[in-house]
Structures are given as C-alpha cells and as structure tokens.
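What follows is calculated from the coordinates using simple rules that are stated; it is not laboratory data. None of these values were measured; they are calculated from a predicted model. Every residue, glycine among them, receives a Cβ derived from its backbone with ideal geometry; neighbour counts consider all protein chains shown.
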Amino acid sequence: MFSEKALTKENLIAFLKEKGLYNECGEWCMPLYLKQEKEKADKKANQPVRARHFYWEGHYTRCCYESSGERFNDSSSWDIIVNNLELIPINYADPTDPECEYPEGYVDLKDCKEFNKIRQRMMDFVNGDLDPDVDRCYDFDNYGFKNEPTKEQLTEWLGNLKVDPDDLKDVDPEEWFVGPAF
C-alpha cells in the first residue's frame, strides 16, 4: 500500500521504469493523463468570477495594536469578499449565482452613470492599488486572485450585478473598495 506522500507522478514513473512497463504504459496512459490535465485546466480557467479564489497576505500595522507586526494569510471566494457592505456600499444581486434572487425593477450596474469610475476602483482593489492615505490595519504584501480572471471578465461580472435603481442615486465611487475590513 502506497502512502499519499509517496504516490507522486515522479515515483509512479520511476516504479514503471523499474518494472519495465513505462514504454507500454506511456503509449496507453499518457494520452488519457494529458486529457485529464487539460480538462482540469479548462475547468479552472472557466470557473465563474464569483467563485474564484481571492487572497491577501501581509502583516498587521500599528493601527491594530494587539496584533501589530503579526503576519496574516487569508483567502476566500471573490463573492464573499465583495458581498461586504464596507467594500461595495450598496445591496446587489449577482445573476451568476444560481441561488440569487432579486426583485423586479433591479437594473444592471453597468447602466449606472458612474459605472466606469466604480469599475476602475474595483480594478485598483484587485491589483492592490489601495488608497495610501486610508488608515488600515493591514499592510498587504500579496493580494489578488489565484485563478485570475481577465479584466474583461471582471468588468462583465461587475456590470451585470443587479442593483436597486434608487441605490444608484447616491453612489459615490470613492466609497467603493476603500480597503477590506476583515
């Protein structure tokens, strides 16, 4: 019985070579292995933006007196990050979420006159270009997606969020993505 640690691709290849089965296995197994790897990569690349993994790593600043200097390494799916009213200061519904419901009369965020400013704030947030003048407890060393969506995918996702038109009357893009408060 192999332990999980011992059963790696390299160990399996070494075992097959030792038993004289590598050439035969390579002829029959490699196409299947390559197909499975391609399917995994395609599935990851086609994952919806809302489900993609978002991470932040760094240390706590002096604003967090008890934890100052301590490191953090946290992550979550993107929809959990942005479903925080401190990041997006309006209620919204995400039509890409199969469990999401929204009342009649909601409109796409892309129809908001401030959409381009809001989109730029989102891109700044994703790229870690946060406002340096904001006092925050977090100093980020590494920040963003592990399975990074394209700028176009992020823009499309944000533009298709459904929002109450009354909420859009008071939208100030400067309030969006001022920095996470986790």
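Restricting the stretch 158-170 to residues that are of a type in the set (A, V, I, L, M) and touching a Lys or Arg at 6+ places or on another chain (Cβ under 9 Å) leaves a set whose member that is farthest from residue 104 (Cα to Cα) is 158. Go through 76, 67 for me and flag whichever is among the polar types (S, T, N, Q) and farther than 21 Å from residue 124 by Cα. The match here is 67. Please find, among 102, 60, the residue that is in contact (Cβ under 8 Å) with a residue 40 or more places away in the chain, over 24 Å from residue 141 (Cβ atoms) and among the aromatic types (Phe, Trp, Tyr). Among 102, 60, only 102 is in contact (Cβ under 8 Å) with a residue 40 or more places away in the chain, over 24 Å from residue 141 (Cβ atoms) and among the aromatic types (Phe, Trp, Tyr).
This table checks each residue for (1) in contact with a strand residue (DSSP E or B) (Cβ under 7 Å, 6 or more places away or on another chain); (2) of a type in the set (Val, Ile, Thr); (3) in a strand (DSSP E or B).
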site: 72; (1), (2), (3): yes, no, yes
site: 84; (1), (2), (3): no, no, no
site: 90; (1), (2), (3): yes, yes, no
site: 97; (1), (2), (3): no, no, no
site: 118; (1), (2), (3): no, yes, no
site: 121; (1), (2), (3): no, no, no
site: 136; (1), (2), (3): no, no, no
site: 142; (1), (2), (3): yes, no, yes
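Restrict the check to the stretch 6-15 and report whether at least one residue is in a loop (DSSP other than H, G, I, E, B) and either touching a Pro at 6+ places or on another chain (Cβ under 8 Å) or basic (Lys, Arg) (or both). No, every residue in the stretch 6-15 fails to be in a loop (DSSP other than H, G, I, E, B) and either touching a Pro at 6+ places or on another chain (Cβ under 8 Å) or basic (Lys, Arg) (or both).
Residue-level analysis places residue 62 outside the set of residues that are closer than 30 Å to residue 160 by Cβ and surrounded by 10 or more Cβ atoms within 10 Å (Cβ to Cβ).
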